[in-house]
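A short write-up of the structure that comes next.
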Amino acid sequence: YPLRRQRQMCIRDRAWTKDGKALCSAGDDKIVRVWTLPATAETEWVAKELKGAAGTITILKAGAGPDHVISAGEDNAVRLWSIASAKVEREFKIPGVLSFHLSPDAKLLAAGCADGVIRLLDAQSGKPVIELRGDVAGLKRIADLDWRISAEVLESAFQLSLIHISEPTRPRLI
């Protein structure tokens, strides 16, 4: 598949859409590019550009549906983008966000922050649900987050334990 060469500085992250029909990329130029798979191998790929970030985009993940992608970056904002409209649908300010992950049921957004805290937010409203603070022996950076099996278990890469959050107001380590 030939790609049309477009100016994009360093690509920091990439993600497939939920349906696997488009590849998204983002980076230093503050633009999310969506490369939809062409119908034939001879068709040229042309990227749709999603603009609106104020800083370098460092994290990119698939949204809950095939028309959405989520980004975060140096401007401390997590943005839910609509690919069809090329617009930001929701934006949450999360100071020091280094990683994030949407729960499997798309109800919670977990954000790992530079201060070592995992912040859980309601994915619709952006309102804080709870902050998870662990004994991380001085570690202040969360490398990655992921939900395990269901929306009840969240794994943070800097810890050797899992955080069980079936009751978001009373998380416990397992």
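The values are calculated or read from the model by the stated rules, or taken from the named source; none is laboratory data. Just so it is clear, the model here is predicted, and its values are computed rather than measured. Quick reminder, even Gly has a Cβ in these numbers, built from the backbone with ideal geometry, and neighbours come from all protein chains shown. Surface accessibility is based on the protein's heavy atoms, side chains included, excluding ligands, DNA and RNA. Shrake-Rupley method; radii C 1.70, N 1.55, O 1.52, S 1.80 Å.
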Practice task
Could you please state how large a percent of the accessible area of the stretch 2-115 is carbon and sulfur, counting protein chains only and using a 1.4 Å probe?
Solution key: 53 percent
Practice task
Provide K87, K48 ordered by accessible surface of protein heavy atoms (probe 1.4 Å), highest first.
Solution key: K87, K48
Practice task
Enter the accessible area of T43 (Å², nearest 10), with the probe set to 1.4 Å and all protein chains included.
Solution key: 60 Å²
Practice task
At 7 Å along the Cα-to-beta-carbon direction for both W16 and E42, put a label point, then send me their distance in nm to one decimal.
Solution key: 2.7 nm
Practice task
State the Kirkwood hydrodynamic radius of the stretch 1-107 in Å, one decimal place, computed from all pairs of distinct Cα atoms.
Solution key: 13.9 Å
Problem - Estimated distance in nm for a label pair at E49 and S85, the labels positioned 7 Å out from Cα along Cα-to-Cβ - result: 2.1 nm
Handout entry: Size-normalised alpha-carbon gyration radius of the stretch 44-137, reference 2.2 N^0.38 Å
Key = 1.11
Exercise for the section: Hey, can you grab everything whose amide H is under 5 Å from the amide H of L108? Only 5+ residues off in sequence or another chain; H modelled, so Pro and N-termini drop out. Expected result: S103, A123
Problem - Solvent exposure of the stretch 20-76 as accessible area per residue, Å², 1.4 Å probe - result: 40 Å²
Practice task
Mind listing the long-range amide H neighbours of L98? Cut-off is under 5 Å, sequence gap 5 or more, other chains count too, H placed in the peptide plane at 1.01 Å from N.
Solution key: G112, C113, A114
Problem - Area of D29 that stays accessible when all protein chains are in place (1.4 Å probe, Å², to 10) - result: 40 Å²
